[in-house]
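Asks: Below you'll find the structure I mean.
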Amino acid sequence: ATRTKSADVERADSGIGQMAARKWRNRASETLSSLQAWEAHRPCTDCGERDLPVETDAQNCNQRRADLCEKCRKRRTERKESVLEFVNTEASYGEDLRIIKEEFYLPMQAAGLLSQEQLLGIFSNIQELIDLNENFLEVLQEEIDQAFDQGDDDLMTVCIGEVFLEFVNMLPAFQTYCLQQSSSVNMLNALEKEKELLRIFLNVSQNDNTALRRMNLRSFLMAPLQRVTKYPLLLSRIIKATTEYHPDHGSLREAKSRIESHLEHINMKTKQEGNTWTLRSFRQDSKKKREVINIEMRETALKTVGWLREETRFVMEGSLQLAQPPDGQWVKKGSKTLKFQNMQVLLLVNMKRVSESSLESAEPGPVKDAVLVLIRDKNNGKFHLLREPLRLSNCIVSTDPDCDDTFELIEIRREAFVFRDSDRARTHHWFRQIRRYSRELGSWKKRRNALPNIMISTPHTRP
């Protein structure tokens, strides 16, 4: 009887008193309520806010999109629409380029309506723009397809800014076309008045060719100008709909700044050449002004050295102070005795690419050449070279502990230059970069380890 009673008690509470059991039940109930409350007000995965709408339909609740608040849902929808607009309009622009070539250029060439020189004057570098568009659009479409394949219906993994920066070399091609646009239209007008067959062909094409949408050749020739000026607007829409924590946010802003700087540069070049038309104006801040100056200096440097743009890398560029010492004893007297002048300096490296295509992401090959281009500050609105570029294969760069705010560049058997930056750390950075490439180039440096010796004939060599 005692054992039965004890067993009954054990079966009743399993050794836990009634008060303890009640507390555990209450705590479990509170925990469940807390979990339900958290589930109802869980934070948005995009912004972290807790104002998610309560779903009445269980099916909709299970299918809700990544636990987003209403604001972020709309933002993702806007971003997807902006990304698709960017890609679709790029495809439409490419179609207009192909119409220019297939419906105008090739028929006019086959019929002998114009000479090759006249065709080049009217259509400029249209083939280069076609090739760039095809490569750019192919990468964009791959990004879209990959996002959909991975279940990213909102296209959040698509990084338009990063892709745009990879193809930033297409901007100089737009510049070439835009700067020739005025002369191209003038030539077309003159030839249309002069050649009756050309005039008949253009009229018939506009009226009878359904692919042209009743647009004339002049309208299609404006397509590259319209496209390049639309890039900032399209990028702005994507930026507005992209949260600052998105990995592409910084690249989008940089891409927008780069295209606006190039547009300002095109406007400036247009005015310098006396053309009356300009591209759409953009607000210039100090950063954009500096970028425009850099673009102009790079063009001057490339034109001077004659290298291909796709094989050229701009390692460093900026303002330095330069002096030419009268002899090699200036270190004993100190740099204060030297007369420095402000100079724009660009360090260019010519690297042989593994692939012939400048658009492929292959690693560059070995360094073929490296130069230091010295440009005077602007005079009458133009940059002028101080002298011919300094080829680092014929130079020695050195520094002295007694003058650690400067470094010296000696051109073998010619001249010596002393450089410094207003910031000592940046002076040392310039020195390390120049020394690196000067040691890599020149067969004589393999024997002498890029160090001067008594066999080097120059009056400026220090002992």
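Asks: For the pairs Lys271/Lys303; Lys80/Lys271; Lys230/Lys271; Lys332/Lys368; Lys271/Lys368, note any where the Cα-Cα span goes beyond 27 Å. Please report the intermediate quantities before stating the final value.
Replies: Numbers: Lys271/Lys303 20 Å; Lys80/Lys271 38 Å; Lys230/Lys271 21 Å; Lys332/Lys368 37 Å; Lys271/Lys368 37 Å.
Among Lys271/Lys303; Lys80/Lys271; Lys230/Lys271; Lys332/Lys368; Lys271/Lys368, the Cα-Cα distance tops 27 Å for Lys80/Lys271; Lys332/Lys368; Lys271/Lys368.
Asks: Describe numerically, in nm with one decimal, the distance between label points set 7 Å from Cα along Cα→Cβ at Arg413 and at Leu84.
Replies: Distance between label points: 6.8 nm.
Asks: Note the full-extension length gain between His428 and Asp131 as 0.36 nm times their separation in residues minus their Cα-Cα distance, in nm to one decimal.
Replies: On the way: separation 297, 0.36 × 297 = 106.92 nm, distance 4.19 nm.
So the chain would gain 102.7 nm between His428 and Asp131.
Asks: Sticking with this structure for a sec: Stretch Asp400-Glu310 to full length: gain in nm at 0.36 nm per residue minus the Cα-Cα span? Before the final figure, lay out the partial values.
Replies: Values: separation 90, 0.36 × 90 = 32.40 nm, distance 3.66 nm.
Extra length from Asp400 to Glu310 when fully extended: 28.7 nm.
Asks: How high is the FRET efficiency from His249 to Asn169, r the C-beta distance, R0 35 Å, rounded to 0.05?
Replies: Numbers: r = 23 Å, r/R0 = 0.66.
Computed FRET efficiency for His249 and Asn169: 0.95.
Asks: OK, next. For segment 159-164, what does the Karplus curve 6.51 cos²θ - 1.76 cosθ + 1.60, with θ = phi - 60°, yield as ³J(HN,Hα) per residue in whole Hz, taken in order and with x for Gly and Pro?
Replies: 10, 5, x, 5, 5, 4
Asks: Express in nm, to one decimal, how much length is gained between Phe148 and Lys71 on full extension, taking 0.36 nm for each residue of separation and deducting their alpha carbon distance. Walk me through the intermediate numbers first.
Replies: Values: separation 77, 0.36 × 77 = 27.72 nm, distance 2.29 nm.
Additional length available on full extension: 25.4 nm.
Asks: What whole-number value in cubic angstrom gives the convex hull volume per residue for the C-alpha atoms of segment 70-277?
Replies: Details: hull volume 27.9 nm³, N = 208.
Here the figure is 134 Å³ per residue.
Asks: I've got another one for you. Tell me, what is the per residue accessible area of segment 70-277 in Å², probe radius 1.4 Å? Don't skip to the end; give the middle numbers.
Replies: Working: 9760 Å² over 208 residues.
Heavy-atom accessible area per residue stands at 47 Å².
Asks: Tell me, what % of the accessible area of segment 70-277 is carbon and sulfur with a 1.4 angstrom probe? Before the final figure, lay out the partial values.
Replies: Working: 4640 of 9760 Å².
Solvent-exposed carbon and sulfur of segment 70-277 make up 48 percent of the total.
Asks: Continuing with this model, one more query. For segment 62-132, count all C-alpha to C-alpha pairs, find those more than 14 Å apart, and express that count as a whole percent of the total.
Replies: Values: 1778 of 2485 pairs.
Of the Cα pairs, 72 percent sit more than 14 Å apart.
Asks: Kindly write out, for segment 433-438 in residue order, the coupling ³J(HN,Hα) from the Karplus curve 6.51 cos²θ - 1.76 cosθ + 1.60 (θ = phi - 60°), rounded to whole Hz, with x marking Gly and Pro.
Replies: Karplus values, whole Hz, x for Gly and Pro: 5, 5, 4, 4, 7, 5.
The values are calculated or read from the model by the stated rules, or taken from the named source; none is laboratory data. Computed from a predicted model, the values in this text were never measured in an experiment. Positions of Cβ are generated from backbone atoms using ideal geometry, with glycine treated the same way; all protein chains shown enter the neighbour counts. In case anyone asks, the SASA skips ligands and DNA or RNA and just uses the protein heavy atoms, side chains included. Shrake-Rupley method; radii C 1.70, N 1.55, O 1.52, S 1.80 Å.
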